[in-house]
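*Asks:* Before I ask anything, let me first share the structure, which is written out below as structure tokens.
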Amino acid sequence: MYTRRPRNDKELQLDICINEDVSPWQTSGFDRYYFVHEALPELDRDKIDISTEFLGRKLAAPLMIAPMTGGMETGAKINKHLAQAAQELNIAMSVGSQKVAIEEPELAATFRVRDVAPDVLLFANIGAVQLNYGYGTEEMNRVVEMVEADALCLHLNPLQEALKEDGNVNFADLAEKIAVLAKELPVPLFVREVCNGISPRTAKLLVDAGVHGIDVGGAGGTSWMIVEGMIAKDENRKLIAESFQNFGIPTAQSLLNVREVAPHLPLIATGGIRSGKDIAKSLALGADLAAMADPLLKPALVGPERVKRVLQRLIDELEILLFCIAKPNLRALKEDPEVLHQYKALGPQ
């Protein structure tokens, strides 16, 4: 049973994610797929190119640091360390949900990272449901301007909000309001799920709303249902949260769901990305970037060099994987429909 009680919900969530096991038994779905090893790749390992272009920006790798935190002193430190690593490695990054800084402007500094990451492709972040709680284009512009973001990502979390004692649960007619925002916002608008994935129906609603990209936020990584269960004070609410700990669409299937509806929409894979092999599989299934949070959280408490060490391992793994499947670059990986195979009788190896 979780017994520590930090001062506010932000600190409580962060403390749980750092100190408790918040991973479900449900996998991201990548373990259902495998690549065929090529013993004679006919390539030079040192010439493998994993650079990519996203939203018109050249990135050194198809990697993104997923949103984690902000709104407190520890969150500010984490964001700065993550941003320094992203700047040095030339990868993308998102800050945590900025709603708290709109309500308490003095907390805006805990999300700002441009002083250490002037060139990073940076995403602002706030809940889409706030469009039903008094927020409009003006407030969303403030979210973007707060961190000098290149894009805004609205997150969808209906299950998480439903499990909170005072959650924002009015998700009615949101697609229409997202469509208005997509037209009026001066930067690209993305929408992401937090950990339960994207269905074909939701993908179509978002595409019809005119969003510029989707982050699938699939099941298999951090389960916010586990977090909410630990936070809950009411016993029934704890039990309800426990029943949903492994609920959702795995990340791999979420990617297929979106690609079925939107073959060319910019697409980010988040949810259980833990290795270079996972990154390669997500790209083969249709993603353009792969994002992660949990593997970087504890390193970010230490410093940017520790974050860089984790990210560099993933980069090296991805390069080695491409080398061993005879793909010189990401385009060759993504354009080969036969590169990824699904396990049938045998389990993952």
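*Asks:* Can you list which of the trypsin sites (Lys or Arg not before Pro) found in the range 221-330 are DSSP loop residues with at most 16 other C-beta atoms within 10 Å?
*Replies:* LYS233, ARG274
*Asks:* Using the alpha-carbon centroid of each, what span in Å lies between the range 42-91 and the range 193-215?
*Replies:* Result: 23 Å between the Cα centres.
*Asks:* How large is ³J(HN,Hα) for each residue in the range 170-181, as worked out from phi by the Karplus curve 6.51 cos²θ - 1.76 cosθ + 1.60 (θ = phi - 60°), to whole Hz, x for Gly and Pro?
*Replies:* Residue by residue, the range 170-181 yields 8, 9, 5, 6, 5, 4, 5, 6, 5, 4, 4, 5 Hz.
*Asks:* Please give the net charge around VAL261, taking every other residue with its beta carbon less than 13 angstrom from that of VAL261, where Lys and Arg add +1 and Asp and Glu add -1.
*Replies:* Details: positive: ARG201, LYS204, ARG259; negative: ASP208, GLU260.
Surrounding charge for VAL261 is +1.
*Asks:* While we're on this one: Hey, can you grab everything whose amide H is under 5 Å from the amide H of THR270? Only 5+ residues off in sequence or another chain; H modelled, so Pro and N-termini drop out.
*Replies:* VAL216, GLY217, GLY218, ALA291
*Asks:* Now for a different question. Work out the P(r) tail for the range 53-157: percent of alpha carbon pairs separated by more than 20 Å, whole number.
*Replies:* Tail of P(r) above 20 Å: 34 percent of Cα pairs.
*Asks:* Using a Förster distance of 45 Å, how high is the FRET efficiency between LYS164 and GLU317, based on the Cβ-Cβ distance and rounded to 0.05?
*Replies:* 0.75
*Asks:* Amide H of TYR33: which non-local residues (sequence gap of 5 or more, or other chain) have their own amide H closer than 5 Å, using H built in the peptide plane?
*Replies:* Those qualifying (amide H under 5 Å, at least 5 residues apart or on another chain) are TYR343.
*Asks:* Given H placed 1.01 Å from N in the peptide plane, which residues other than close sequence neighbours of CYS153 have an amide H under 5 Å from its amide H?
*Replies:* ALA124, ASN125, ILE126, PHE190
*Asks:* What number, rounded to the nearest 500 deg cm²/dmol, is the helix-based mean residue ellipticity at 222 nm of the chain, given -39500 (n - 2.57) per DSSP H run of at least four residues and division by all its residues?
*Replies:* -12000 deg cm²/dmol, from helical runs alone.
*Asks:* In the range 128-179, which GluC sites (Glu not before Pro) are in a loop and have at most 10 other Cβ atoms within 10 Å, using DSSP for the loop call?
*Replies:* Taking the range 128-179 and a limit of 10 other Cβ atoms within 10 Å, the loop GluC sites (Glu not before Pro) found are GLU165.
*Asks:* Is there a pair in LYS177/LYS298; LYS10/LYS298; LYS238/LYS344 whose C-alpha atoms are over 28 Å apart, and which pairs would that be? Could the numbers behind the result be given before it?
*Replies:* On the way: LYS177/LYS298 37 Å; LYS10/LYS298 16 Å; LYS238/LYS344 37 Å.
Correct reply: LYS177/LYS298; LYS238/LYS344.
*Asks:* Given Cα pairs under 8 Å that are at least 6 residues apart, what percent is the relative contact order of the range 30-342?
*Replies:* Answer for the range 30-342 is 22 percent.
*Asks:* For the chain, what is the convex hull volume of its Cα atoms per residue in Å³?
*Replies:* Details: hull volume 46.8 nm³, N = 349.
Dividing the Cα hull volume of the chain by its residues yields 134 Å³.
*Asks:* What are the ³J(HN,Hα) couplings of the range 224-240, residue after residue, when phi is run through the Karplus curve with 6.51, -1.76, 1.60 and θ = phi - 60°? Round to Hz, x for glycine and proline.
*Replies:* 6, 6, 5, 4, 5, x, 6, 6, 4, 9, 7, 5, 4, 5, 4, 5, 5
*Asks:* Got a sec to turn the phi values of the range 302-308 into Karplus ³J(HN,Hα) couplings, 6.51 cos²θ - 1.76 cosθ + 1.60 with θ = phi - 60°, whole Hz, x for Gly and Pro?
*Replies:* Once rounded to whole Hz, the list reads 7, x, x, 5, 5, 5, 4.
*Asks:* Ignoring chymotrypsin sites (Phe, Trp or Tyr not before Pro) that are buried or in helix or strand per DSSP, and keeping those with at most 12 other beta carbon atoms within 10 Å, what is the longest stretch of the chain between them? List each step's numbers first, then the result.
*Replies:* Working: sites that count: TRP25, TYR133, TYR343.
After excluding every exposed loop site, the longest remaining stretch is 134-342.
Read-outs: derived from the displayed coordinates by stated rules, not from any lab. Since we're looking at a predicted model, the values are computed, not measured. Here the Cβ is made from the backbone with ideal geometry for all residues, glycine too, and neighbour counts use every protein chain on show.
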